[in-house]
Amino acid sequence: MNLVFLGPPGSGKGTQAKRLAEKLSLPHISVGDLLRIEVQQGTVTGKNIKAIMEAGNLVPDEVTIELTRNRIIQPDCAKGFILDGFPRNVVQAEALDAMLEKENIILSKVVYFDIAKDQIVSRLSGRRSCRKCGAVYHIKFNPPKNEGICDKDGGELYQRADDEENSIRTRFDVYNNQTQVLIERYKKVKKLVTVDAGKEINQVYADLLLAIKYGN
Ligand code: AP5
């Protein structure tokens, strides 16, 4: 099963992708995570994209297209993958079509996480992520057992630099101006399934399983 998760920032794509990836034993490819690794490691790419990401803008297409292409051809993707946060504009969608065709990979479904704007701000401002394993929490909706500490590995929880008010606004505008158009594109080719992402985490997960026709 080859899935793409599409939706505004904070709609819960990453939270649901991690859970589904574990259930289906598929790799979760978060392009945002791949980019953050570049930044953390201080690579040339990382240095070039740090400020762009912190401001909430899209990094250049050639960077994300290359990262995605290199990742989906890895052996662990042979039986499927969950691609989270790519494509985010028409150029990337066309690049994805081309790379899938070249590798003889058929896109199973594009899951659209539909959520109202007012829920996004409270979700992102309360998000905390583990520095070690990347697990995602929310101080109110999905808190860790001990404040500031990851349940899984005891890693320190931190707040992402782009979860600050101005960046959230920019990310939402970028989504509206560049990404939202992809909903129609995938609807036309009958790949799109929609999940109401405004519900509680377990309910969204149950709906997600139904949407991709995979029972509990
Ligand atoms: P990325 O890391 O992909 O960020 P994003 O798309 O903005 O998505 P988020 O990670 O913010 O949200 P999410 O939908 O995964 O929600 P989550 O599950 O964490 O990208 C970051 C940046 O990288 C971009 O701005 C850009 O600069 C760059 N980038 C990435 N991909 C790119 C591309 N293709 N092209 C160019 N640039 C790119 O949940 C959010 C919070 O809500 C958490 O606290 C969670 O616990 C909580 N939560 C989740 N679900 C629920 C629920 N149902 N109820 C209550 N709380 C919930």
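The values are calculated or read from the model by the stated rules, or taken from the named source; none is laboratory data. Just so it is clear, the structure is predicted and the values come from calculations on it, not from any experiment. Ideal geometry is used to build each Cβ from the backbone, glycine not excepted, and the neighbour counts take in all protein chains shown. Accessible surface is based on the protein model in full, side chains and every heavy atom, while ligands, DNA and RNA are left aside. Shrake-Rupley method; radii C 1.70, N 1.55, O 1.52, S 1.80 Å.
Across the protein chains, with a 1.4 Å probe defining accessible surface, the residues HIS28, HIS138 rank HIS28, HIS138 from largest area downward. Dipole magnitude for the chain: about 440 debye, using +1 per Lys or Arg Cβ and -1 per Asp or Glu Cβ, origin at the Cα centre. THR170 exposes around 40 Å² of accessible area when a 1.4 Å probe is run over every protein chain in place. The residue among TYR186, GLN159, TYR137 whose Cα reaches farthest toward the positive pole of the charge dipole of region 118-203, with charges on the beta-carbon of Lys, Arg, Asp and Glu, is TYR186. Rounded to the nearest 5, what % of the DSSP beta bridges within the chain are antiparallel ones? Here the antiparallel bridges make up roughly 30 percent for the chain.
Cα centroid separation, region 146-184 to region 31-59: 14 Å.
Charge dipole of region 1-73 (Cα centre as origin; +1 on each Lys and Arg Cβ, -1 on each Asp and Glu Cβ, all else neutral): 260 debye, rounded to the nearest 20. When only the Cβ of Lys, Arg, Asp and Glu is charged (+1, +1, -1, -1), the dipole of region 137-199 relative to its Cα centre reaches about 660 debye.
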